[in-house]
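Structure, as structure tokens:
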Number of protein chains: 2
Amino acid sequence: MAGVPIYRTGIAPEWIDYNGHLRDAYYGLIVSYAIDALMERIGLDGPYRQRTGCTLYTLEMHIHYLREIKASDSVLVDVRVLGADRKRIHAAFELLCEPETAPAATAEVMLLHVRQLEAVASEAFPPALSAAIDELQQAGAQHGAGGPGSRRMQLPQR
Amino acid sequence: MAGVPIYRTGIAPEWIDYNGHLRDAYYGLIVSYAIDALMERIGLDGPYRQRTGCTLYTLEMHIHYLREIKASDSVLVDVRVLGADRKRIHAAFELLCEPETAPAATAEVMLLHVRQLEAVASEAFPPALSAAIDELQQAGAQHGAGGPGSRRMQLPQR
């Protein structure tokens with residue numbers, strides 16, 4: 001494992017496509033639920049969102065599909081905070097089909113803290129959130145990178 | 001529009017999340033359905049898959065979230081084939097909320113043609129498929145890039 005365990009899920013039958021395994025987009029749904037779990041973990045939860053009108057928006061998501069995930073699999077997601085600034089979190093996730101140790105997928109996301117008023121505007125994290133993000137980053141800092149990171153896509157050059 | 005129209009969809013109510021707009025992963029589901037439409041378009045359809053045991057696997061997907069998509073939106077997806085080789089397709093998609101002309105999201109994917117036997121192995125496209133891919137690539141070739149492409153993610157350097 002290359003990060004802090006953050007989310008665990010089974011596979012819903014309707015997530016399986018005509019290829020007999022998890023449809024590509026549902027790997028992304030598992031990442032999305034893991035982002036929700038990350039938000040809970042750092043205190044960016046429902047009551048916080050209600051009270052402040054602030055939430056996270058996903059700016060980018062890059063998924064690498066490494067192995068098929070089957071209907072019978074149980075997926076553990078771990079997270080590493082790769083970086084953060086006043087209002088952004090750059091995070092990496094691994095999807096592991098237990099008890100396998102090689103990831104079935106890896107993902108990177110860029111998340112932006114925003115306030116949803118009439119217009120949506122980016123907003124700095126309050127100190128308690130920044131501290132919780134730092135703490136989560138430290139907790140995953142001893143882990144090395146798990147699998148390929150985000151990158152420019154291109155066909156192999158020959 | 002920066003490509004060939006390939007897929008059109010409304011937004012299912014269950015795709016809306018606590019932020020009041022389309023959950024990040026469901027942008028990916030729309031891209032996934034657009035990949036299905038791309039497969040139909042080039043002849044990589046159900047009968048082909050049945051007859052040959054061959055299909056496409058997604059190797060990577062990189063989505064840029066540019067604007068919120070709402071429950072009432074109707075989304076048009078266009079595609080450009082950025083490149084292809086003997087067994088891979090590199091494609092770019094735009095999600096447009098009609099009648100807006102600026103994309104709500106862009107995505108790039110790398111797709112691999114595989115044969116699903118007991119083991120899964122990559123396989124060259126048959127000539128008819130390669131010709132159809134070329135044709136689709138030509139049809140989108142006059143269009144410029146629409147929005148940011150895939151890239152390494154990183155926080156702004158200061």
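The values are calculated or read from the model by the stated rules, or taken from the named source; none is laboratory data. As the structure is a computational prediction, the values presented were derived from the model and not from experiment. Don't worry about glycine lacking a Cβ; one is built from the backbone with ideal geometry, like all the others, and counts go over all protein chains shown.
Annotations
- Of all residues in segment A:52-71, one or more are surrounded by 23 or more Cβ atoms within 10 Å (Cβ to Cβ), facing another protein chain (nearest Cβ under 10 Å), out of contact with any Leu (no Cβ under 7 Å at 6 or more places or on another chain) and aliphatic (A, V, I, L, M).
- When we screen B:A34, B:A92, B:A25, B:A2 for residues that are modelled with pLDDT under 95, buried (at least 16 other Cβ atoms within 10 Å of the Cβ) and either among the aliphatic types (A, V, I, L, M) or not in a strand (DSSP E or B) (or both), the only hit is B:A2.
- Counted residues, segment A:98-115 - those being surrounded by fewer than 21 Cβ atoms within 10 Å (Cβ to Cβ), more than 10 Å from every other protein chain (Cβ to nearest Cβ) and either assigned to a strand (DSSP E or B) or under 15 Å from the mean Cα position of the chain (by Cα) (or both): 1
- In the set (1) free of Cβ contacts under 8 Å to residues at least 40 places away in the same chain; (2) hydrophobic (A, V, I, L, M, F, W, C); (3) closer than 18 Å to A:D36 by Cβ, the condition left unmet by A:F93 is number (1).
- Hey, A:S150 at negative phi, at pLDDT below 95 and either under 18 Å from the mean Cα position of the chain (by Cα) or surrounded by 14 or more Cβ atoms within 10 Å (Cβ to Cβ) (or both) or not: yes
- Top-ranked residue of segment A:5-19 - restricted to ones that are at pLDDT below 95 and either among the hydrophobic types (A, V, I, L, M, F, W, C) or in contact with a Lys or Arg (Cβ under 8 Å, 6 or more places away or on another chain) (or both), ranked as surrounded by the fewest Cβ atoms within 10 Å (Cβ to Cβ): A:Y18
- The residue list A:A107, A:A71 contains one member that is of a type outside the set (D, E, K, R) and under 22 Å from B:L66 (Cβ atoms), which is A:A107.
- Evaluating B:R86 against the criteria (1) within 13 Å of another protein chain (Cβ to nearest Cβ); (2) assigned to a strand (DSSP E or B) leaves one unmet condition, (2).
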